[in-house]
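Data block below; observations after.
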Amino acid sequence: MQACQPALQKIERSGGHMRNLVRAFAAVLLLGACALPRGAPIESEILANRGNENPDFAIYEVTRANLNAISHWPATDNVRTFGWIPQQRGQADIIIQPFDKLDLSIWDSEENSLMASPGQKLVDIGNLRVTSNGQIFVPYIGYINVAGQTPDGARRMIEREMLAIVPSAQVQLNVMPGSRGSVSLVGGVSRPGAVPLPEGNFTVLGLISQGGGPEKELRNPQVRLIRGNTTYGTSLQTLYENPSQDTVLRGGDKVALVNDERYFRALGASGEQKIIYFSEDKLSTLDAMSLVGGLAPNRANPQGVLILREYPASAVRGDGTGPNNSWVVFTVDLTSGDGLFSAGRFPIHSGDTVLATESPVNAARTVFGLAGTLIGFSNQFPE
């Protein structure tokens, strides 16, 4: 309404008796112009309850003075969080487990070999399945406990037993891990499937590499590791940047790569108005503004960028260690150095709404333009 007052006064000063009808019509149009449709609210409209005794929401300016305190506030709860297992060094070699399969090659240089046919020096005994109690059956020897042994340890143990009946025997052993000695790459890669553990320190990144790497269509790939009845999660970016987080896999683990489902809403006088998914692990307010195409020229108020965020009731505090209301509006002034640098450090949370407010100058410009058009039209009538 304040933007309309100068234009209305301008009409009142335009004289002429035969122009009264035009002036009256102009006044009605200008009053209606104060409520012309806009693409975004004005900042003062959103923050009108700033001084209320019981405001609907809390308002905080994003400045260097409060960045540190806000960064320690409890997190919002609209996205599921997962723990992760830091890298713990595994066995130097794989361990034979129940349901693995073993292939034995027995070399015998004796002329009259108990195991080999005349003229043969090698006997292959393949597909020996490790029983549920950890044993394999070897001809002429019987059952041998191999579970819990490394392949070389099992080979030497079988060779010692074999020497009692074949003095010159030399044994080679190959292990094909069963379900307990392999891991499953469930999805999100070029070649999913079961992968036998090649050695005891086989890690998540090694498994993803064997699967051909992440699919190109994935959005900021997230790693999910299912071990037993627990699901762990982190981002692929974290594993790249922090090798200590590249955890060692165990037999039976399942790994999948999935899309990052975190998002924020872009509304108002910005380049785009839509839901935008996170493209990396952390997004600042300036990152968000870049993703939405910046502020709309000739429309947006760079002093009135608002971040609307909802905290869980458990996060509300009265001592400054959290917001004093579940609904919070953070205000950002992109015309000051403090505001710009603070916006570059202020994080966007999943579920936030980034609202670029309309400049109040636009309403005044519209009103004055309409007033000039109507006055010019009224001047066509004689006094």
Fill in the blank from the handout: For the stretch 157-166, Karplus-derived ³J(HN,Hα) couplings (6.51, -1.76, 1.60; θ = phi - 60°; whole Hz; x for glycine and proline) come out as 5, 5, 5, 4, 5, 5, 5, 5, 10, 10
Fill in the blank from the handout: Among trypsin sites (Lys or Arg not before Pro) in the stretch 253-288, those in a DSSP loop whose Cβ has at most 10 other Cβ atoms within 10 Å are LYS274, LYS282
Problem - Cα-centred dipole magnitude for the stretch 214-292, charges only on beta-carbon of K, R (+1) and D, E (-1), debye, nearest 20 - result: 280
Handout entry: Listed residue (GLY271, LEU239, LEU197) projecting farthest to the positive dipole end of the stretch 156-271, Cβ model
Key = GLY271
Practice task
Tell me the GluC sites (Glu not before Pro) within the stretch 233-300 that lie in a loop according to DSSP and have at most 16 other beta-carbon atoms within 10 Å.
Solution key: GLU261, GLU272, GLU280
Completion exercise
Using a 1.4 Å probe on heavy atoms of the protein chains only, the accessible area for TRP327 in Å², nearest 10, reads 140
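If we count every other residue with Cβ under 10 angstrom of LEU102's Cβ, Lys/Arg +1 and Asp/Glu -1, where does the sum land? Walk me through the numbers on the way to the answer.
Working: positive: LYS101, ARG129, ARG155; negative: ASP100, ASP103.
That works out to +1.
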Fill in the blank from the handout: Karplus-derived 3J(HN,Hα) from phi for the stretch 253-259 (6.51 cos²θ - 1.76 cosθ + 1.60, θ = phi - 60°), whole Hz, x at Gly and Pro, runs 5, 10, 10, 9, 10, 10, 5
Practice task
Roll a 1.4 Å probe over the protein heavy atoms and report the accessible area of MET176 in Å², nearest 10.
Solution key: 80
Practice task
Could you look at the stretch 304-361 and say what percent of its accessible area is carbon and sulfur, using a 1.4 Å probe and all protein chains?
Solution key: 58
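The values are calculated or read from the model by the stated rules, or taken from the named source; none is laboratory data. Here the structure is a predicted model, which is why all the values come from computation and not from measurement. Using ideal geometry, Cβ is built from the backbone for each residue, glycine included, and neighbour counts are taken over all protein chains shown. To get the accessible areas, we keep the full protein, side chains included, count just its heavy atoms, and leave off ligands, DNA and RNA. Shrake-Rupley method; radii C 1.70, N 1.55, O 1.52, S 1.80 Å.
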